[in-house]
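Enquirer: I'd like to ask some things about the structure below.
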Amino acid sequence: MPLALPAYLFQLAALSAFLKSKAVAVRYEELVIEGAIREGHLIRVNKAIAEFKPDLIAFSSYEMSFAWIQEICDYIKSLSKEIPIIVGGYYPTLSPEDVLKHNSVDVICLGEGEYPLLELLSSLKNGQRRTDIANLWFKEGGRFIKNPLRPLLTNLDELPFVDRDLFTSENRKSGSLEVMASRGCPYDCTNCSNHALKKLYHGLGPYMRYRTAEHVLSEIEQCLARENFKSVQFEDDMFTSNPKWLEGFCRQYKERIKLPFSCNIRPGTCSPQAFALLRDAGCRQVSIGLESGDEIIRRNVLGRDMPDKVIIEAFGDAKKAGIKRKSFNMVGLPGETVFSLWKTIWLNLRLAPEAVQTSVYYPFKGTILGDRCYSEGLVDLESKKRLKLYAFDSILNLPGLPRWVIRIAKWLNSATVLRSGNITIFKPAFAMVFRSIYKKPCGCAGAN
């Protein structure tokens, strides 16, 4: 999964652990790409194929990374047309034909990939090359073979703990252990993939699923036995959506783990009692999705019917419980104006969160809002080709809202964290300036 920045990739770690538990040999080649693919990246790919001799080469793809994946796939096919290539992840799930039509892609996976991958590998091993595997689409003689989806995995405890050895220690410098306790999200924000995935899986089982507290805590204990982590970071979309699960988990976490942790919540879903429960268990920070400071944008564009009052209460209740707050925001949304951007900045100033993260909106195909942007002709396709990290720029042509204004609004909004006394915003700013002055000289160094 080529990326612009190093990251711990849960989707790949989960697939790797599952396949290894079934006696499948797995190798991951980490490609961190700054801008364009260089010769050094392709040399790395060539070397990995020569050493490992894979039966299958698999990519996980976001929409922005697919241009890189296309180039790498073309290169692999120039080496050998015999090794099948499969692409899974959000992009082929939400926009399957866009991915499968590429000449060098043989198979795509929609949705959860554990058992489909295992069945595909088994068929390749047996020389069958089956094309009737649920969740997989194949290409045969110029036509697409579109297999139906299988039911969602309901018992997440049947899966092994994610593969912690797959990635380099570069991603663990913070000393925080990243954990996922669930899959799915109960909400339908128009900018997010969850509503599209729920529609795709309609009638195939519950979309929101939690691992048992015992399973999650056992994984954390196993990791702590191997490495001295200072804190735990739960990456679930919505950590507090199941109050009964949360109560049992917090009680056991306090007894068994005794490390500070952070998690994601949604305004209006966490009562003062729940905040107290989280704080008592060791929660030190919650990330709260503010997204836009304009109620009209939140309701009519993002599908988040959430008045300012509800957001202010959530931030206030967290503060009263002694929990730090991190604000998640987006700028550059369809329908935004300069006044809308100012409302987002002003609301963050009022809330004074201890951390602020501001991204620029990116229109993902297959989502309600993304498809609307394409249908209304708002997407600048040339800008889309160039952009590989949506946090920093927009690919939309928004009437009355130039991109330079969106970029300024992003940094001004992030700077609202200064009101809480947190000056760490200067650290990434200095790092960006340093990287722009002292760029790495070749693709080999960027592919570490």
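Enquirer: Does region 103-132 hold any residues that are under 24 Å from Arg209 (Cα atoms) and in contact with a helix residue (DSSP H, G or I) (Cβ under 8 Å, 6 or more places away or on another chain), and which are they?
Expert: Passing the criteria: Cys109, Leu110, Gly111, Gly113, Glu114, Leu117, Leu118.
Enquirer: Only one of these is more than 23 Å from Ala7 (Cα to Cα) and of a type in the set (Ser, Thr, Tyr): Thr131, Thr93. Name it.
Expert: After ruling out the rest, the residue left standing is Thr131.
Enquirer: Output the number of residues of region 224-252 satisfying the condition of being touching a residue at least 60 places away in the same chain (Cβ under 8 Å), crowded, with 18+ Cβ neighbours inside 10 Å and over 21 Å from Asn155 (Cβ atoms).
Expert: Of the residues in that region, 0 qualify.
Enquirer: Of Leu341, Leu290, which residue is within 24 Å of Ser420 (Cα to Cα), buried (at least 20 other Cβ atoms within 10 Å of the Cβ) and modelled with pLDDT of 95 or more?
Expert: Matching residue, one of Leu341, Leu290: Leu341.
Enquirer: Scanning region 184-211 for residues that are farther than 13 Å from Glu112 by Cβ and small (Gly, Ala, Ser), which turns out modelled with the highest pLDDT?
Expert: Residue satisfying both the conditions and the ranking: Gly203.
Enquirer: Here are Arg299, Arg325: which of them is out of contact with any helix residue (DSSP H, G or I) (no Cβ under 8 Å at 6 or more places or on another chain), free of Cβ contacts under 8 Å to residues at least 60 places away in the same chain and either of a type outside the set (Ser, Thr, Tyr) or within 26 Å of Tyr62 (Cα to Cα) (or both)?
Expert: Arg299
Enquirer: Looking at region 274-283, can you tell me whether even one residue there is under 21 Å from the mean Cα position of the chain (by Cα), surrounded by fewer than 19 Cβ atoms within 10 Å (Cβ to Cβ) and of a type outside the set (A, V, I, L, M, F, W, C)?
Expert: Checked region 274-283: no residue is under 21 Å from the mean Cα position of the chain (by Cα), surrounded by fewer than 19 Cβ atoms within 10 Å (Cβ to Cβ) and of a type outside the set (A, V, I, L, M, F, W, C).
Enquirer: Please go through (1) under 15 Å from Cys189 (Cβ atoms); (2) of a type outside the set (Ser, Thr, Tyr); (3) outside any helix (DSSP H, G or I) for Asn300 and return the number of the only condition it doesn't satisfy.
Expert: (3)
Enquirer: Still on this structure: Of all residues in region 244-267, which are of a type in the set (Gly, Ala, Ser) and under 13 Å from Val286 (Cβ atoms)?
Expert: Ser262
Enquirer: When you go through (1) part of a helix (DSSP H, G or I); (2) under 23 Å from Ala25 (Cα atoms) one by one for Arg129, which number turns out not to apply?
Expert: Every listed condition holds for Arg129 apart from (1).
Enquirer: A further question follows. Tally up the residues in region 278-295 that are in contact with a helix residue (DSSP H, G or I) (Cβ under 8 Å, 6 or more places away or on another chain) and part of a helix (DSSP H, G or I), please.
Expert: 4
Enquirer: Would you please name the residue that is surrounded by the fewest Cβ atoms within 10 Å (Cβ to Cβ), looking only at residues in region 407-437 that are modelled with pLDDT under 90 and among the basic types (Lys, Arg)?
Expert: Top of the filtered list is Lys427.
Enquirer: Same structure again: Give the residues of region 388-406 that are assigned to a loop (DSSP other than H, G, I, E, B) and either crowded, with 17+ Cβ neighbours inside 10 Å or basic (Lys, Arg) (or both), sorted by residue number.
Expert: Lys388, Tyr390, Asp393, Ser394, Ile395
Enquirer: Here's another thing I want to ask about it. Provide a single number: the residues in region 316-345 that are closer than 22 Å to Tyr361 by Cβ, assigned to a helix (DSSP H, G or I) and over 24 Å from the mean Cα position of the chain (by Cα).
Expert: Within region 316-345, residues that are closer than 22 Å to Tyr361 by Cβ, assigned to a helix (DSSP H, G or I) and over 24 Å from the mean Cα position of the chain (by Cα) number 7.
Enquirer: Could you pull out every one of the strands (runs of 3 or more DSSP E) wholly within region 138-251 that has 3 or more residues that are more than 22 Å from the chain's Cα centre (by Cα)?
Expert: 143-146
The values are calculated or read from the model by the stated rules, or taken from the named source; none is laboratory data. Since this is a predicted model, take the numbers as computed values, not measurements. Glycine also receives a Cβ, built like all others from the backbone with ideal geometry; neighbour counts cover every protein chain displayed.
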